[in-house]
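The values are calculated or read from the model by the stated rules, or taken from the named source; none is laboratory data. All of these numbers come straight from a predicted model, not from anything done at the bench. Heads up, the Cβs are rebuilt from the backbone with ideal geometry, glycines too, and the neighbour counts pull from every protein chain shown. Just the protein is used for accessible areas: all its heavy atoms, side chains included, with ligands, DNA and RNA removed. Shrake-Rupley method; radii C 1.70, N 1.55, O 1.52, S 1.80 Å.
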Amino acid sequence: MAADAHATTLGLDHRKLAMWTFLGSEFLFFGAFVATFLLYVTTTAGGPGVEIFDIPFTSISSFVLLMSSLTMVLAHNAHRQGDLRRMRLWILATAGQGAVFLGGQVFEFTVFVKEGLVLTRSPFASSFYVLTGFHGVHVFVGILLLLSLYSLSLTGKVKKDQDLKTEMIGLYWHFVDIIWVVIFTVVYLIPEIAVG
Amino acid sequence: MSATETEDTGTDHGHHPTAREYVQIAIVLAILTALEVSTYFFDFGRIAIPLLIILMAIKFVMVAGFFMHLRFDTKIYSRLLYTGLIFALVLYSITLAIFVFERAPSA
Amino acid sequence: MSSTTTPKLRPTKETGVLSWLATTDHKRIGILYFFTTLVFFFLGGVESGFIRLQLAQAEQSVISEDLYNQIFTMHGITMVFLVVMPLSAAFFNYLIPLMIGARDVAFPRLNAFSYWVYLFGGIFLYSSFFLGGAPAGSWVGYAPLHATEGMSMGFYAIGIQILGLSSLAAAVNFITTILNMRAPGMTFMRMPVFIWMALVTNFLLLFAIPVIAVALFMLQFDTLYGGQFFQPGSGGDPILYQHLFWLFGHPEVYIMILPAMGIVSEILPVGSRKPLFGYAAVVFAGAAIGFIGFGVWAHHMFTSAIGPVARSAFALSTMFIAVPTGIKVFNWVFTMWGGKIRFTTPMLFSVGFVSMFVIGGLSGVTHAIVPHNAQQHDTYYVVAHFHYVLFGGALFGLIAGIYFWFPKVTGKLMSEKLGKWHFWTWLLGFNLTFGPMHMSGLLGQPRRTAVLPGELGATVELYNLLSSLGVIVLTGSALVFLYNLITSIKRGEASGDDPWNARTLEWMTPSPTPSVNFYRIPTITHRDEFWHRKYAEDESGKPVSIPAGASDDHDSDGDDDHAEEHIHMPDPSLWPFVMCLAFFPIAYGMLYFNPWLFALGALWLVVGYFLWITEPLAEGDDDDPEDADDHAAVGAAAH
């Protein structure tokens with residue numbers, strides 16, 4: 001595993017430490033968008049508000065993303081046991097579920113736009129699209145990382161004993177997932193009850 | 001962070017859940033999500049919002065603790081993650097509170 | 001580096017332009033940062049010259065009001081984001097690995113990435129002058145000013161976003177380096193104060209940059225794509241932008257001052273031949289400043305609609321943050337007290353830092369008093385205040401650092417005579433320029449106003465004339481410094497390895513620093529390790545010199561029995577440079593809403609990322625210990 005971990009001051013791998021440092025700062029990023037959304041949750045300027053949300057639909061795509069965390073951790077588990085074939089299978093499953101989630105988001109956006117909720121409609125619309133859009137960008141980056149891991153493990157650049165690489169991408173993926181756990185509750189479910 | 005001055009606070013050793021345990025955790029997460037979604041279909045009255053927040057927190061901690069291995073890794077990682085989380089919660093709560101105070105009609 | 005018969009896997013040249021484009025050596029990257037900031041400092045200085053020329057007399061218009069707005073805005077942006085922050089980064093780059101006893105930073109290629117992103121972000125911002133006008137909404141870019149500004153605020157939002165990405169990547173890198181790469185025995189409480197301040201600064205960056213990233217994205221959407229975040233017409237709230245900006249903006253103030261505080265905390269003990277007074281207090285005060293620095297932002301908004309509760313609370317927290325700052329000042333004074341002070345140029349600038357910073361700090365406390373704040377808001381009093389902390393503070397400290405570590409980088413000394421000329425004219429010019437602004441501000445002169453109103457009277461006009469004269473003195477002083485720098489690089493007096501009789505690790509290696517930093521990594525047993533290797537205490541507590549080379553891992557005396565030992569240094573790489581070029585199509589694509597240009601840039605970035613992660617090591621081992629930086633970079637790029 002971590003070839004130089006024994007030589008570091010804390011006995012930790014640089015890469016993992018850096019990843020956690022970075023993830024800590026991401027809360028400040030998404031937090032600002034969520035706070036903005038909450039501030040503008042009723043500022044609809046006469047346009048559509050939270051009642052536009054399709055909770056059953058979003059529940060399904062949220063569930064898909066949550067389950068992609070399971071396949072991600074199974075991929076890491078397989079890699080840790082040196083089973084690259086099974087690892088690749090789970091990686092593809094994870095990326096596929098991520099793609100389903102993204103497709104769901106594109107569909108959701110298309111429907112909303114048809115119903116009159118465009119980015120320029122109101123502060124509510126702007127904050128909703130930009131918050132969920134940036135989460136979507138994170139998922140997209142995650143899919144790219146997963147696919148690069150997949151292809152590099154095929155070419156032998158990712159070896160059996162380098163499960164740290166899978167673990168790192170997993171950390172990022174799970175993080176994107178827990179951000180959605182928060183968004184699903186705070187942006188969709190609670191406003192639907194409190195406002196809609 | 002001063003408690004981390006010793007060498008080798010542990011890297012990858014310790015307990016790792018098995019695949020079976022991961023699936024069990026995922027099932028729990030699925031049940032919690034179903035419970036969340038049910039607040040949309042059934043009227044939970046005044047407990048709905050507190051319930052949703054608690055469920056969210058449980059899911060958050062479970063994914064971070066088991067899938068991200070925070071429970072089994074060094075405490076430094078938890079500190080880095082939760083420092084960011086607490087910073088975000090406190091700062092943005094104060095900001096929103098300022099808006100609420102400002103918009104409230106003065107007594 | 002051995003580049004024997006194996007095919008060229010990595011760039012191998014050690015001189016020439018290509019070697020600089022491909023460098024991953026933290027020392028060379030530090031030098032790149034330094035010279036780039038000099039160029040931007042020149043540009044920012046020229047801009048300040050235009051400002052003072054315009055305001056030298058009442059009711060005069062040397063330049064148009066629109067151009068004036070662009071110039072004072074770019075002056076602020078340049079000095080904050082393109083001079084003070086990256087100059088601190090230059091010191092971080094050069095000194096962090098040396099001071100903690102490491103051979104490089106944790107992620108050398110990510111380090112190069114940070115530098116190129118910074119350079120290209122600066123070029124992008126300055127290209128606005130040729131593409132329809134620079135940002136003209138002041139460095140805070142308050143929404144919804146942009147309603148009338150068109151593209152120029154797009155340059156602001158996207159340009160600073162790019163610079164923020166550079167700082168974020170650097171912050172992750174430096175935090176990992178400091179936490180994880182210290183030499184054996186260097187516990188947290190044995191780290192030099194500069195390293196402590198670097199750690200705090202980078203944590204501030206880590207948590208503050210994402211906030212400004214969000215504010216700038218919203219600004220970008222509002223300005224360029226019709227977003228409604230801050231549009232009062234549809235219910236948007238401009239105050240939200242102010243909150244987000246200052247949630248970043250106040251930690252930013254400490255991001256600029258803490259590195260200078262760290263530098264001064266290293267120079268004062270050396271110049272006084274005494275250990276730093278109250279090391280632990282200085283360290284904890286620095287950490288406390290960083291922490292409380294996140295809780296005072298709304299004092300920039302006392303005249304905005306934030307309500308009396310918030311005003312009272314933030315007035316208290318703002319007064320409270322003066323306490324740890326005061327602790328530091330007392331510690332610096334007591335460090336000098338009773339010491340054998342040698343007033344060398346770095347020492348002069350350090351003492352200048354302490355005294356000028358105290359003036360700026362005290363006028364800062366007056367802002368905490370809400371009614372007083374209402375009187376001063378948006379006047380030249382505020383301009384005077386922040387120039388005393390950023391010019392008299394941060395810049396004095398950073399210049400002290402330049403004189404102090406110049407021998408480390410070059411093996412030569414800068415001229416002391418010219419250095420003293422520089423210091424005294426700098427001090428005079430600085431106070432002449434910014435001192436009178438306190439008075440003219442309290443007499444009502446508004447800031448960010450293109451023409452000095454004649455109705456303010458002859459006194460204010462006199463103060464403004466003095467300020468403008470001060471800029472002439474500063475210009476001459478800067479030329480002395482530049483002349484000193486260039487001639488000293490060319491033919492400065494040889495300095496030897498340890499010209500100041502210093503205390504910290506970086507002076508244990510030869511000067512100029514060899515590319516491996518340390519032939520053998522030292523084991524640390526004391527704070528001020530190098531000092532303790534040079535001196536022991538006799539019974540009465542007086543320091544007594546120890547013969548050179550008494551310790552077995554002492555480096556500088558040329559015993560090269562281990563010079564043959566194979567030391568693996570990071571390989572050069574061109575990909576950070578190539579990958580960063582993608583930010584031009586991305587930035588202009590976002591600015592002109594051209595999806596094809598943007599897609600080209602994104603594709604370039606992804607291809608660059610693949611080339612980066614699959615790049616082999618020069619020596620064939622392809623377990624790449626730098627993998628993480630790619631993820632961090634791409635993750636950050638997603639912002």
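One table, with the values for the structure above:
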| quantity | calculated |
| --- | --- |
| Cα-based helix-to-principal-axis angle, A:14-39 vs chain A, degrees rounded to 10 | 0 degrees |
| Residue-averaged 222 nm ellipticity for chain C, from DSSP H runs of 4+ at -39500 (n - 2.57), nearest 500 | -21000 deg cm²/dmol |
| Chain A shape via C-alpha gyration tensor axes, a/c threshold 1.5 | prolate |
| Estimated distance in nm for a label pair at B:Ile86 and C:Ala599, the labels positioned 7 Å out from Cα along Cα-to-Cβ | 4.7 nm |
| Cα convex hull volume per residue for chain C (Å³) | 153 Å³ |
| Alpha-carbon gyration tensor eigenvalues x 5, square-rooted, for the range C:77-236, Å | 36, 16, 11 |
| Pairs beyond 29 Å (Cα-Cα), from A:Lys165/B:Lys59; C:Lys13/C:Lys420; A:Lys165/C:Lys408 | C:Lys13/C:Lys420; A:Lys165/C:Lys408 |
| Peptide B:45-56 - average C-beta neighbours from other chains (10 Å radius) | 3 |
| Length added when fully stretched, C:Val39-C:Leu462, from 0.36 nm per residue minus Cα-Cα | 149.1 nm |
| Highest-first arrangement of C:589-596, C:270-277, C:85-92, where packing means the average Cβ count within 10 Å | C:85-92, C:270-277, C:589-596 |
| Sites C:Lys417 and C:Ser545, calculated FRET efficiency, Cβ-Cβ separation with R0 25 Å, nearest 0.05 | 0.30 |
| Mean separation of Cα contacts under 8 Å, 6 or more apart, over the residue count of chain A: relative contact order % | 34 percent |
| Nonlocal amide H pairs with C:Lys412, under 5 Å, H built at 1.01 Å | C:Ser495 |
| Exposure rank, largest accessible area first [C:Thr335, B:Thr83; 1.4 Å] | B:Thr83, C:Thr335 |
| Amide hydrogen neighbours beyond the local backbone of C:Asp237, cut-off 5 Å, H modeled | C:Gln231 |
| Centre separation in Å (Cα based) which lies between the range A:106-130 and the range C:438-517 | 51 Å |
| Exposure ranking of C:Arg311, C:Arg52 by accessible area [1.4 Å probe, largest first] | C:Arg311, C:Arg52 |
| With all protein chains modelled, accessible area of C:Met151 [1.4 Å, Å²] | 80 Å² |
| Three-way shape call for the range B:17-71 based on the alpha-carbon gyration tensor, with the a/c threshold at 1.5 | oblate |
| Shielded by partner chains, the range A:179-196 residues - at least 30 Å² of accessible area, 1.4 Å probe, vs chain alone | A:Val181, A:Val182, A:Phe184, A:Thr185, A:Leu189, A:Ile190, A:Ile193 |
| The range C:156-169 - phi-based ³J(HN,Hα) in whole Hz, Karplus 6.51/-1.76/1.60, Gly and Pro as x | 4, 5, 6, x, 6, 4, 5, 4, x, 4, 4, 5, 5, 4 |
| The range C:319-365: C-alpha gyration tensor shape, a/c 1.5 cut-off, then a/b vs b/c | oblate |
| Label-point separation, A:Lys160 to B:Val61 (7 Å along Cα→Cβ), nm | 4.0 nm |
| Integer Hz, Karplus 6.51/-1.76/1.60 couplings in order for the range C:410-424, x for Gly and Pro | 10, x, 10, 9, 7, 4, 5, 5, 5, x, 5, 4, 4, 4, 5 |
| Convex hull volume per residue in cubic angstrom - Cα atoms of the protein assembly as shown | 170 Å³ |
| Virtual paramagnetic centre 7 Å along Cα→Cβ of B:Leu96, amide N under 12 Å, in the range A:13-50 | A:31-42 |
| Per-peptide average of other Cβ atoms within 10 Å, ordering B:51-60, C:198-207 highest first | C:198-207, B:51-60 |
| Estimated FRET transfer efficiency when R0 is 35 angstrom, pair C:Glu493-C:Thr523 (beta carbons, to 0.05) | 0.55 |
| Exercise: per-residue mean of other protein chain Cβ atoms within 10 Å, C:210-216 | 6 |
| Heavy-atom accessible area ranking, 1.4 Å probe, most first, across C:Arg28, A:Arg80, B:Arg103 | B:Arg103, A:Arg80, C:Arg28 |
| Averaged over B:63-72, number of beta-carbon atoms from partner chains that fall within 10 Å | 6 |
| Long-range HN-HN contacts of C:Tyr535 with modeled amide H, under 5 Å | C:Ile546 |
| Histogram of C-alpha separations across the range C:454-527, 5 Å bin width, % | 3, 11, 12, 11, 12, 9, 8, 8, 7, 6, 6, 5, 2, 1 |
| Cβ-placed point charges (K, R +1; D, E -1), dipole of the protein assembly as shown about Cα centre in debye, nearest 20 | 1020 debye |
| Vicinal HN-Hα couplings computed from phi for the range C:387-400 (Karplus, 6.51 cos²θ - 1.76 cosθ + 1.60; Hz; Gly/Pro x) | 6, 5, 7, 8, 8, x, x, 3, 5, 4, x, 5, 5, 4 |
